[in-house]
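As structure tokens, the structure follows; a few thoughts come after it.
The values are calculated or read from the model by the stated rules, or taken from the named source; none is laboratory data. These figures come from a predicted structure and were not determined experimentally. Methodologically, a virtual Cβ is constructed for each residue, glycine included, from the backbone with ideal geometry; neighbour enumeration extends over all protein chains shown. The accessibility values were calculated without ligands, DNA or RNA, using every heavy atom of the protein model including side chains. Shrake-Rupley method; radii C 1.70, N 1.55, O 1.52, S 1.80 Å.
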Amino acid sequence: GFAAQLENEYGGLCFYGSHLAELCMTAFGFAPRSVSATKNGGAITATLNYEDIQVTLNFTPNHKYYAAVFGIAGIRSWIVDITDCYVAGFDEFYAGLKGGSSLPFERVYNPVRLIEAVLESAETGREIQLTF
């Protein structure tokens, strides 16, 4: 779960939702095949379909960050500490500005495309195929 408001003065789900999309894609890959999403009040639950796994993302208006893994060996859940996440992101951004390493295109574009597909699926009720 990740704090992300559908309605806010900063552009809706894209404002904080992009962080959850980036975290998910960093962990599971930048090319999910499709996404299905549902809206419930101020929250969206999205299921990403990869080649061999499914990942569920919860965009919620509360400010609690958590993760859960369901597998053959059991279930594990924990609170996610995001205390230093902006420092690491800024360091990478600053290195790119100084001419150091820059982020690959897929790490910038694909999370944005995913958020667009999540919103489209939540509005239409359809599974959205993703091509990158």
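Tabulated data
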quantity: Mean Cα-pair separation over length for the chain, i.e. relative contact order, pairs under 8 Å, 6 or more apart, %; calculated: 32 percent
quantity: Neighbourhood net charge (15 Å Cβ-Cβ; Lys/Arg +1, Asp/Glu -1) for A88; calculated: -4
quantity: With Cα atoms, 0 to 90° folded angle of helix 13-28 axis to the chain main axis; calculated: 90 degrees
quantity: Segments 26-36, 107-117, 121-131 sorted - mean Cβ within 10 Å per residue, highest first; calculated: 107-117, 26-36, 121-131
quantity: For the stretch 17-36 and the stretch 62-132, distance of Cα centres in Å; calculated: 5 Å
quantity: Amide H within-cut-off set for F30, under 5 Å, with H built and near neighbours excluded; calculated: none
quantity: Helix 105-124 axis, angle to the chain major axis (alpha carbon atoms, nearest 10°); calculated: 30 degrees
quantity: Residues with amide H under 5 Å from that of N62, placed H, sequence gap 5 or more; calculated: A4
quantity: Net charge of Cβ neighbours under 14 Å - reference S102; Lys, Arg +1; Asp, Glu -1; calculated: -1
quantity: Hz values of 3J(HN,Hα) by residue in the stretch 33-40 - Karplus curve (6.51, -1.76, 1.60), Gly and Pro given as x; calculated: 7, 7, 9, 10, 9, 10, 9, 9
quantity: Rounded to 10°, Cα long-axis angle of helix 85-97 versus longest principal axis of the chain; calculated: 50 degrees
quantity: Alpha carbon convex hull of the chain, volume per residue in cubic angstrom; calculated: 127 Å³
quantity: Probe 1.4 Å, protein heavy atoms only - accessible area per residue of the chain in square angstrom; calculated: 65 Å²
quantity: 13 Å beta-carbon shell around Q54, net charge (K/R +1, D/E -1); calculated: -2
quantity: Protein accessible area in the chain, 1.4 Å probe - carbon and sulfur %; calculated: 56 percent
